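Handing you this structure, nothing more for now.
The values are calculated or read from the model by the stated rules, or taken from the named source; none is laboratory data. Bear in mind that the values here come from a model prediction, so they are computed numbers and not experimental data. Cβ sites come from the backbone with ideal geometry, for glycine too, and all protein chains shown count toward neighbours.
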Amino acid sequence: MLRADPKCDPEGKGTRYGILAMLLVGAGCGTLIYLGNPGNMGICGACFLRDSAGALHLFDKPASLPYLRPEIFGVVFGALLWMAIRGKWQARSGSHAATRFFFGIWMGIGSLVFLGCPFRMLQRLGGLDLTAWIALPGFIAGVGVGLYFEKRGYSVGKTQAAPAPVGLLFPGLMLLAGVLWFQGQLAGPGQDGGPPPPHAPWMYSLGIALVAGILLSATRFCAVTAGRQVFLKDRRMLLASLAMLIGFGLVVLTTGKAVPGIEGQPLAHTDHLWSALALALVGLCGCLAGGCPVRQLVMTGEGNADAAMAVAGILVGGALSHGFALASSGAGTTESGRLAIVVGLAIAVVYGASRSMLASAKGSA
């Protein structure tokens, strides 16, 4: 719907449909919060993959986090369903999968220092969480650095058509995990005496996320792409972000689930500098890995096996964040988390700069 070439959509219908679709996605996220999900967290790629990592026994503490989030399944299989119905589902692979996995880990770490992936950042903005508004320039700056590298030749690589089982492998593993979850073979919420994490009834979570997955695949929405458009003439993905923000805000404000201001924000902290730097890391890594966490989930459903490697990286990053005390809490960031942000930014800048310089040298040879 949000096509890159205006000549393909001279009347702007695709843009209007895309904006409407993202308005509905935002409203759906707000509805999930009304139904029980954490505040300003209707759907969050990094946080929900972290919870799922706990269910897979990839970390043990805190005991309240293990929960195989149905929203992850909904987004992936909604995208798969949309592409299959249109007859355009195609397994793909062959780009720099190791890069996607590695920077997926850092996206997971950065998101949990900020407390939310870029998709949740938009929800926090829509919920009038001023701590997110203060941190937003960090995300834009990180994406801006990534765009700088891209203009000088950086590319995560192009995928090619692959056998169908390659694209179905990760969704198949997800289905297996779901079966084991319902059989009680995976860690469940509230084990070891801890309270269960806030969550909407799983049928509503799955259903709303399925619709969101369809719409996110149809629009090709990506928060990182929207961040790029701050620096470009094309503003359509940016407008779609605004539509999502508005749709979300309307629901949480009318249902009393919003907490406008700085203090008392749900699952947020006031270490503003480190929130901005964490989002800068997430934005830059999103460019280096080819998309934000939720976009990686959507591409996984569409058959992109390399995007599945990014999802696996985010899953591992969530586990590492809790295993090494990197994740923030409402009380603020941790010393380990702050150190991780500095290290991650240094690695990402060196990698992006070296890849772009090599590409420039090859092009001028």
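I'm checking my understanding of the structure. Among residues of segment 319-337 that are in contact with a Ser or Thr (Cβ under 8 Å, 6 or more places away or on another chain) and not in a loop (DSSP other than H, G, I, E, B), which one is farthest from residue 109 (Cα to Cα)?
332
Also, I was wondering about something else. Surrounded by fewer than 24 Cβ atoms within 10 Å (Cβ to Cβ), under 30 Å from residue 89 (Cβ atoms), among the charged types (D, E, K, R) and modelled with pLDDT of 95 or more: is that true of residue 228 in this structure?
yes
List the number of the failed condition for residue 330; all other conditions in (1) closer than 17 Å to residue 154 by Cα; (2) modelled with pLDDT under 95 hold.
Just one mismatch for residue 330, condition (1).
If you go through segment 235-250 one residue at a time, do you hit one that is buried (at least 18 other Cβ atoms within 10 Å of the Cβ), at pLDDT 95 or above and touching a Cys at 6+ places or on another chain (Cβ under 6 Å)?
yes
Residues to consider are 342, 311; find the one that is surrounded by fewer than 17 Cβ atoms within 10 Å (Cβ to Cβ) and in a helix (DSSP H, G or I).
Only one candidate qualifies: 342.
Within segment 346-363, does at least one residue satisfy the condition of being hydrophobic (A, V, I, L, M, F, W, C) and assigned to a loop (DSSP other than H, G, I, E, B)?
Checked segment 346-363: no residue is hydrophobic (A, V, I, L, M, F, W, C) and assigned to a loop (DSSP other than H, G, I, E, B).
While we're on this one: Out of segment 81-109, which residues are within 24 Å of residue 208 (Cα to Cα) and crowded, with 23+ Cβ neighbours inside 10 Å?
Matches in segment 81-109: 108 only.
Is there a residue being touching a residue at least 24 places away in the same chain (Cβ under 8 Å), within 28 Å of residue 73 (Cα to Cα) and over 16 Å from the mean Cα position of the chain (by Cα) anywhere in segment 229-238?
yes
Another one. Looking at residue 213, is it out of contact with any strand residue (DSSP E or B) (no Cβ under 6 Å at 6 or more places or on another chain), of a type outside the set (D, E, K, R), under 20 Å from residue 138 (Cα atoms) and crowded, with 24+ Cβ neighbours inside 10 Å?
no
Sticking with this one: Mind checking whether some residue in segment 23-30 is more than 18 Å from residue 104 (Cα to Cα), without any contact (Cβ under 8 Å) to a residue 40 or more places away in the chain and surrounded by fewer than 24 Cβ atoms within 10 Å (Cβ to Cβ)?
Within segment 23-30, not a single residue is more than 18 Å from residue 104 (Cα to Cα), without any contact (Cβ under 8 Å) to a residue 40 or more places away in the chain and surrounded by fewer than 24 Cβ atoms within 10 Å (Cβ to Cβ).
Surrounded by fewer than 18 Cβ atoms within 10 Å (Cβ to Cβ) and assigned to a loop (DSSP other than H, G, I, E, B), is that true of residue 207?
Against the criterion (surrounded by fewer than 18 Cβ atoms within 10 Å (Cβ to Cβ) and assigned to a loop (DSSP other than H, G, I, E, B)), residue 207 does not qualify.
Would you list the helices (runs of 4 or more DSSP H) that sit entirely within segment 59-164 and hold 3 or more residues that are out of contact with any strand residue (DSSP E or B) (no Cβ under 6 Å at 6 or more places or on another chain) and among the small types (Gly, Ala, Ser)?
Fully inside segment 59-164 and qualifying: 70-85, 97-114, 130-151.
A further question follows. Going through segment 216-240 one residue at a time, which ones are among the hydroxyl-bearing types (Ser, Thr, Tyr) and touching a Leu at 6+ places or on another chain (Cβ under 6 Å)?
Selection gives 219 alone.
Check whether at least one residue in segment 268-288 is β-branched (Val, Ile, Thr) and assigned to a helix (DSSP H, G or I), and report yes or no. Show your work before the answer.
Of all residues in segment 268-288, those β-branched (Val, Ile, Thr) come to 270, 282.
If we keep only those that are assigned to a helix (DSSP H, G or I) too, we end up with 282.
Yes - at least one qualifying residue is present in segment 268-288.
In segment 184-202, what residues are at pLDDT below 85, exposed (fewer than 13 other Cβ atoms within 10 Å of the Cβ) and in a loop (DSSP other than H, G, I, E, B)? Step through it out loud before you land on a result.
Our first condition is that a residue be at pLDDT below 85; within segment 184-202, this holds for 184-197.
Those still in the list that are exposed (fewer than 13 other Cβ atoms within 10 Å of the Cβ) too: 184-185, 192-193, 195.
184, 185, 195, listed by residue number.
Do the conditions hold for residue 172, that is, is it buried (at least 20 other Cβ atoms within 10 Å of the Cβ), at pLDDT 95 or above and assigned to a helix (DSSP H, G or I)?
no
Among the residues of segment 283-293, are any in contact with a Gly (Cβ under 6 Å, 6 or more places away or on another chain), in contact (Cβ under 8 Å) with a residue 12 or more places away in the chain and either farther than 16 Å from residue 117 by Cβ or among the basic types (Lys, Arg) (or both)?
no
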